[in-house]
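Working notes for the structure below.
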Amino acid sequence: MITILQIETSTQYCSAAISLNGETKNLKIAAGQNLHAGGLTLFIDEVMSQAGLQYSDLNAVAVSKGPGSYTGLRIGVSTAKGLCYALDKPLIAVDTLKMMADGFLSANPEHDDLVCPMIDARRLEVYTALYSPLGDELQPVAARIIDENSYAAELRASKITFIGDGALKCEPVLDNQNATFLTENFNTAANMSALAYQSYRQEIFEDVAYFEPFYLKDFMITVSKKKPF
């Protein structure tokens, strides 16, 4: 039985889950500002307790690698790396947008349209990729500024289901009869289970010492315009 602790902190949602052989068994998830720093370790302890596990029982730790919130990813990856180092367990990194698409397709097995997960970046910019109904990547992960011409060719050829917090803000701009927008949250550690298990079986592990989140864009520091006293 392959037991994996899974951590997802790429957006305002903070979650931890336990999976057994690729199936989610325990999940703790909540949303809130600045929740990750104080809540993540508590969430991990809770799902471990619910599963009746000791940390030594884990086979690996999986973490959502990004793209997404700079602060959220940094906290999630740092926590996962610390656990792997202390427990001498392998680290598995899961692409966040792939995780979202995989979670949606698993929940909707009869879906036969394209899937476009979007994570809110800023203004009308999103982190996004495009996937087939089978979960194959059709367009790679990118930061895109969405306007009325975005996905025009794709929406002429087929229907697209847009998911994620970035999709909701783009709905007024992408006004097309072939576009569907869902409000359900797919940024959850529960959607990492199949992908993490597949990576474990294939022994696709990260270097715990050197692994960094996939930020996609450099972190921008805003300098205050107020004059110092």
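For the reader, a short list of remarks on this structure follows.
- Subset of region 201-229 [at pLDDT 95 or above, more than 18 Å from the chain's Cα centre (by Cα) and of a type outside the set (A, V, I, L, M, F, W, C)]: R201, Q202, E203, D207, Y210
- Checking each residue in region 38-55 for being without any contact (Cβ under 8 Å) to a residue 24 or more places away in the chain and in a helix (DSSP H, G or I) picks out G38, L42, D45, S49.
- The set of residues in region 157-174 that are surrounded by 23 or more Cβ atoms within 10 Å (Cβ to Cβ) and either more than 17 Å from the chain's Cα centre (by Cα) or β-branched (V, I, T) (or both) comprises I163, C170.
- T188 satisfies every condition listed in (1) in contact with an Asp or Glu (Cβ under 8 Å, 6 or more places away or on another chain); (2) modelled with pLDDT under 95 except (2).
- Taking the criterion of being surrounded by 19 or more Cβ atoms within 10 Å (Cβ to Cβ) and part of a loop (DSSP other than H, G, I, E, B), the residues of region 182-196 that qualify are F186, N187, T188.
- Some residue of region 85-97 being of a type in the set (K, R), touching an Asp or Glu at 6+ places or on another chain (Cβ under 8 Å) and modelled with pLDDT of 95 or more: no
- Only one entry of I92, I29, I75, I18 meets the criterion of being within 17 Å of the chain's Cα centre (by Cα), among the β-branched types (V, I, T) and surrounded by fewer than 21 Cβ atoms within 10 Å (Cβ to Cβ), and that entry is I29.
- Of everything in region 68-93 that is among the β-branched types (V, I, T) and part of a helix (DSSP H, G or I), the residue that is farthest from S193 (Cα to Cα) is T71.
- In the set (1) part of a loop (DSSP other than H, G, I, E, B); (2) touching a residue at least 60 places away in the same chain (Cβ under 8 Å); (3) surrounded by 19 or more Cβ atoms within 10 Å (Cβ to Cβ), S199 fails one condition alone, (1).
- With respect to the conditions (1) modelled with pLDDT of 95 or more; (2) in contact with a helix residue (DSSP H, G or I) (Cβ under 8 Å, 6 or more places away or on another chain); (3) more than 24 Å from H36 (Cα to Cα), L124 lacks only one, and its number is (1).
- Residue in region 119-142 that is in contact with a strand residue (DSSP E or B) (Cβ under 7 Å, 6 or more places away or on another chain), assigned to a helix (DSSP H, G or I) and among the hydrophobic types (A, V, I, L, M, F, W, C) present: no
The values are calculated or read from the model by the stated rules, or taken from the named source; none is laboratory data. Fair warning: this is a prediction, and the values are worked out from it, not measured in the lab. Counting neighbours? That spans all protein chains shown, and the Cβs are built from the backbone with ideal geometry, glycine included.
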